[in-house]
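Q: Before I ask anything, let me first share the structure, which is written out below as structure tokens.
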Amino acid sequence: MVLYSSKTGNTKKVATEIFSALPGMSKDMQSVDEYRGKDADVFFIGFWVNRGTCEMAVIDAMSELHGKKIALFGTCGMGSDAEYYKSIEQKVNVWIPDDCEYLGMFLCQGKMPMKVRENYEIAREDPRQEFCRKKLLHNFDEALFHPNDGDLADARVFVERVLKEMKP
């Protein structure tokens, strides 16, 4: 089962790629909002990063799963910093019930709404804030091209790795 939450379409795009990378016909894909408890042994759960974590609907869905194998994936507007991604993983996987097996996480950058850029465009008087603002603008512009074909290929590799590691 591929469950996902997508505000701008980025995470849905990755969810669709993950779904297509899963072998066989015994699979399904639904948004977290549509999900009504359909059972599966393995769940790929996707989310968009909001302030370093996932939204409450994803937490609620994960918290209801027991005795399952769970892999996480997501999209994040704030670049592709490995340390930041690790902190996101730590904040999100804590919601997986203890009786589940955690299979890892895949994150990639995703474009953000133009409204975010408009907020970044407001100049700051403090030089330190101005430096940070310019970095945020650069990151925003880089994110416009994600998730891209490379990100989707990486998502497929993630699925292959998870499935390979699950086999006895």
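The values are calculated or read from the model by the stated rules, or taken from the named source; none is laboratory data. Keep in mind the model is a prediction, meaning the values are calculated, not measured. When we count neighbours, we look across all protein chains shown, and the Cβ atoms used for this are built from the backbone with ideal geometry, even at glycine. We work out accessible area using only protein heavy atoms, side chains counted, and drop any ligands, DNA or RNA first. Shrake-Rupley method; radii C 1.70, N 1.55, O 1.52, S 1.80 Å.
Q: Kindly provide the set of residues from the range 1-44 that are in a loop (DSSP other than H, G, I, E, B) and open to solvent by 60 Å² or more (accessible area, probe 1.4 Å), ordered by number.
A: So the first thing to find is which residues in the range 1-44 are in a loop (DSSP other than H, G, I, E, B), and the list is 1, 5-9, 22-28, 32-41.
Within the range 1-44, LYS7, THR8, PRO23, MET25, SER26, ASP33, GLU34, ARG36, LYS38, ASP39, ASP41 meet the criteria.
Here's the yes/no breakdown for (1) part of a loop (DSSP other than H, G, I, E, B); (2) touching a His at 6+ places or on another chain (Cβ under 7 Å); (3) under 19 Å from LEU3 (Cα atoms); (4) modelled with pLDDT of 95 or more:
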{"site": "GLY79", "(1), (2), (3), (4)": "yes, no, no, no"}
{"site": "VAL92", "(1), (2), (3), (4)": "no, no, yes, yes"}
{"site": "GLN129", "(1), (2), (3), (4)": "no, no, no, no"}
{"site": "PRO147", "(1), (2), (3), (4)": "yes, no, yes, yes"}
{"site": "VAL159", "(1), (2), (3), (4)": "no, no, yes, yes"}
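Q: What's the number of the condition GLU142 fails, among (1) crowded, with 21+ Cβ neighbours inside 10 Å; (2) outside any loop (DSSP other than H, G, I, E, B); (3) in contact (Cβ under 8 Å) with a residue 40 or more places away in the chain?
A: Answer for GLU142: the failing condition is (1).
Q: For the range 56-69, indicate whether the set of residues that are part of a loop (DSSP other than H, G, I, E, B), under 19 Å from MET166 (Cβ atoms) and either small (Gly, Ala, Ser) or touching a Lys or Arg at 6+ places or on another chain (Cβ under 6 Å) (or both) is non-empty.
A: Here is the first cut: in the range 56-69, the residues part of a loop (DSSP other than H, G, I, E, B) are 64-68.
Still in the running and under 19 Å from MET166 (Cβ atoms): 65-68.
Filter once more, keeping what is either small (Gly, Ala, Ser) or touching a Lys or Arg at 6+ places or on another chain (Cβ under 6 Å) (or both): 67.
Yes; the residues of the range 56-69 include at least one that is part of a loop (DSSP other than H, G, I, E, B), under 19 Å from MET166 (Cβ atoms) and either small (Gly, Ala, Ser) or touching a Lys or Arg at 6+ places or on another chain (Cβ under 6 Å) (or both).
Q: Exactly one of these conditions fails for GLY104: (1) part of a strand (DSSP E or B); (2) surrounded by 15 or more Cβ atoms within 10 Å (Cβ to Cβ). Give me its number.
A: Of the numbered conditions (1) part of a strand (DSSP E or B); (2) surrounded by 15 or more Cβ atoms within 10 Å (Cβ to Cβ), the odd one out for GLY104 is (2).
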